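Contents: one structure, followed by commentary.
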Amino acid sequence: MHPHNPHESIILAPLRVITRGDKLLWLTLFGVFLAGLVVWIYQFVLGLGVTGLNRPVYWGIYLTNFVFFIGLAHSGTFISAILRVAGAGWRTPLTRAAEAITLFSLPFGVMSILCDMGRPDRILNLVFYGRFQSPLLWDVTAVGLYLLSSIFFFYFSLIPDIALCRDRLTDAPRWRRRMYEVLALGWQGTPDQFRRLDRVLDGMAIFMSMVVVTVHTVVSWIFGMTLQPGWHTALIGPFFLLGAIFSGTTAVVIVLAVLRKVYHLEKVLTPDLFNSLRKLLIVFTLGWSYMMGAEFLTTGYGNMTEEMVVLNDKFSGQYAPIFWTMVVLVFVVPLFIFLVKGKKSLGWLVGACVLVNIGMWLERFIVIVPTEASPRLLPYLGGGAYQPTWVEAVITLSLFAGMFLLYAVFTRFFPIVPIWETAEHHVGHAVEAAAIAEAK
Amino acid sequence: MDLGSLFNYLINSPGIGGAIAMTVLGGAIVFYVFLARWIVRGTPARGAKPKR
């Protein structure tokens with residue numbers, strides 16, 4: 001049996017039809033992804049010389065993408081998990097859309113690393129010869145554990161809805177019904193099953209909140225554990241974490257707004273939901289800006305030679321246009337919109353969120369490249385330069401296309417709004433709802 | 001071998017780090033698979049025959 005949800009038919013509607021527009025979109029995204037694959041093979045054959053990477057800038061756009069994708073990935077599960085721990089009832093319609101961002105952006109973060117490697121086949125050396133002394137291995141372990149935990153956290157909360165699809169979408173093609181049947185694991189929706197699921201999700205929510213914090217801190221340590229100017233600071237962990245949650249929350253808003261419009265989910269994804277996210281975003285904007293200010297204040301006050309070369313490069317040197325564009329896109333304009341326009345207009349809110357995401361990508365670039373261009377090695381002090389090539393641009397585009405493709409396909413095969421959890425929100429509690437249904 | 005040397009060995013030896021990472025990830029997969037099984041089927045009663 002399934003808990004009663006008055007919006008069930010609205011949420012299931014996108015699963016009943018795959019339009020020509022969908023197929024065209026999927027094909028286009030797949031084409032872009034394939035183009036990226038071809039260019040990556042070209043890069044593999046000719047070597048990293050076809051990119052703008054060179055001494056001393058070894059990590060350019062690819063690592064920028066890595067940190068950006070990992071950042072997106074963190075907020076999805078984090079928002080879902082932390083709001084579950086806090087018992088925020090308004091979160092239920094957005095949890096799956098947020099967790100799906102995690103699931104579909106993490107693999108592309110990993111791919112970004114492979115793209116940055118001249119010899120990607122040597123990735124297995126991490127397993128065979130890896131030393132735990134290296135922050136890179138900490139990262140592999142932490143991100144791997146996060147990916148696994150996110151997949152299962154996502155899957156567990158999906159099981160009741162997969163069972164619902166199995167029972168409701170009886171006119172779907174045979175392979176699809178079989179897929180629902182296998183993935184539902186024989187779920188019957190008994191009160192005991194709901195009770196166990198709730199217990200597991202509650203426990204995992206606490207664990208996931210902790211893992212999100214530790215994983216993004218570990219990602220920042222790839223930079224922070226080196227003695228390079230701009231990176232070697234204890235603040236880099238919380239700074240990365242807050243940036244990730246900030247950009248990820250804006251991504252959740254964008255995704256929810258698109259789903260609301262395209263799948264006509266206005267009754268489920270209400271303006272109140274967006275308003276709650278807007279309030280969170282005001283906190284994140286201010287928090288992230290404070291962290292950035294604290295970082296620059298500490299560095300500037302210390303006035304150490306190597307640190308100041310990088311700082312001046314950002315404030316008034318070759319990276320100043322990117323830096324100040326980032327400040328405007330991430331802080332000035334969005335904060336104004338969140339405070340003044342965003343409450344009344346979803347369009348303004350989404351626009352601000354798009355700006356934040358572009359700005360946060362630039363922010364990752366600004367964290368990585370200026371330090372690499374002026375590392376703590378005298379011959380290169382202030383002398384490095386980095387100019388990305390078309391190869392990096394195409395591969396970057398293809399990674400984003402791949403993420404959008406997976407997301408778009410998923411929303412046509414599985415309910416993107418959790419039906420059983422929103423039923424819980426409507427009728428009190430899923431366990432009680434299931435018990436009532438059983439008594440009937 | 002004292003504890004300090006053991007720790008040093010585990011951290012610095014090539015391959016041991018990879019083994020630690022894979023053990024963590026492999027252990028997580030096994031744990032989650034059993035968790036999924038428990039959510040759906042629960043704990044079998046003591047002495048009960050496993051369901052086929």
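Would it be correct to say that residue A:278 is touching a helix residue (DSSP H, G or I) at 6+ places or on another chain (Cβ under 6 Å), within 14 Å of another protein chain (Cβ to nearest Cβ), farther than 23 Å from residue A:413 by Cβ and not hydroxyl-bearing (Ser, Thr, Tyr)? Here the answer is no, as residue A:278 does not meet what is asked. For the residues A:95, A:77, the requirement of being open to solvent by less than 10 Å² (accessible area, probe 1.4 Å), of a type in the set (Ser, Thr, Tyr) and modelled with pLDDT of 85 or more singles out A:95. Among residues of region A:344-372 being among the small types (Gly, Ala, Ser) and open to solvent by less than 20 Å² (accessible area, probe 1.4 Å), the one that is nearest to residue A:281 (Cα to Cα) is A:352.
With respect to residue A:167, determine if the residue is surrounded by fewer than 18 Cβ atoms within 10 Å (Cβ to Cβ) and farther than 30 Å from residue A:388 by Cα. Yes; evaluated as a whole, the condition is true for this residue.
Do we have any residue at all in region A:202-217 that's outside any helix (DSSP H, G or I) and open to solvent by 50 Å² or more (accessible area, probe 1.4 Å)? Among the residues of region A:202-217, not one is outside any helix (DSSP H, G or I) and open to solvent by 50 Å² or more (accessible area, probe 1.4 Å), which makes the answer no. Regarding region B:8-16, can at least one residue be identified that is out of contact with any Asp or Glu (no Cβ under 9 Å at 6 or more places or on another chain), exposed (fewer than 15 other Cβ atoms within 10 Å of the Cβ) and either more than 7 Å from chain A (Cβ to nearest Cβ) or closer than 30 Å to residue A:195 by Cα (or both)? The answer is yes; a qualifying residue exists.
Hey, does region A:89-107 have a residue that's within 24 Å of residue A:206 (Cβ to Cβ), more than 19 Å from the chain's Cα centre (by Cα) and more than 14 Å from chain B (Cβ to nearest Cβ)? Yes, region A:89-107 contains at least one residue that is within 24 Å of residue A:206 (Cβ to Cβ), more than 19 Å from the chain's Cα centre (by Cα) and more than 14 Å from chain B (Cβ to nearest Cβ).
Quick one: in region A:192-235, of everything that is charged (D, E, K, R) and more than 22 Å from the chain's Cα centre (by Cα), which residue is nearest to residue A:133 (Cα to Cα)?
A:199
With respect to (1) open to solvent by less than 30 Å² (accessible area, probe 1.4 Å); (2) in a helix (DSSP H, G or I); (3) modelled with pLDDT under 90, the lone exception for residue A:229 is condition (2).
Of the residues making up region A:329-343, those that are surrounded by 13 or more Cβ atoms within 10 Å (Cβ to Cβ) and either at pLDDT below 90 or β-branched (Val, Ile, Thr) (or both) are A:330, A:332, A:333, A:337, A:341, A:342, A:343. Exactly one of (1) in contact (Cβ under 8 Å) with a residue 12 or more places away in the chain; (2) over 19 Å from the mean Cα position of the chain (by Cα) is unmet by residue A:29. Its number? Tallying (1) in contact (Cβ under 8 Å) with a residue 12 or more places away in the chain; (2) over 19 Å from the mean Cα position of the chain (by Cα), residue A:29 fails exactly one: (2). Among the residues of region A:143-177, the one identified as over 28 Å from the mean Cα position of the chain (by Cα) and either at the interface with chain B (Cβ under 10 Å from one of its Cβ atoms) or among the small types (Gly, Ala, Ser) (or both) is A:172. Looking only at residues in region A:120-141 that are open to solvent by less than 60 Å² (accessible area, probe 1.4 Å) and at the interface with chain B (Cβ under 9 Å from one of its Cβ atoms), the one that is nearest to residue A:232 (Cα to Cα) is A:134.
Taking the criterion of being modelled with pLDDT under 90, within 11 Å of chain B (Cβ to nearest Cβ) and open to solvent by less than 10 Å² (accessible area, probe 1.4 Å), would at least one residue in region A:178-198 satisfy it? The answer is yes; a qualifying residue exists.
The values are calculated or read from the model by the stated rules, or taken from the named source; none is laboratory data. All values derive from a computational prediction rather than experimental measurement. Positions of Cβ are generated from backbone atoms using ideal geometry, with glycine treated the same way; all protein chains shown enter the neighbour counts. Accessible surface is based on the protein model in full, side chains and every heavy atom, while ligands, DNA and RNA are left aside. Shrake-Rupley method; radii C 1.70, N 1.55, O 1.52, S 1.80 Å.
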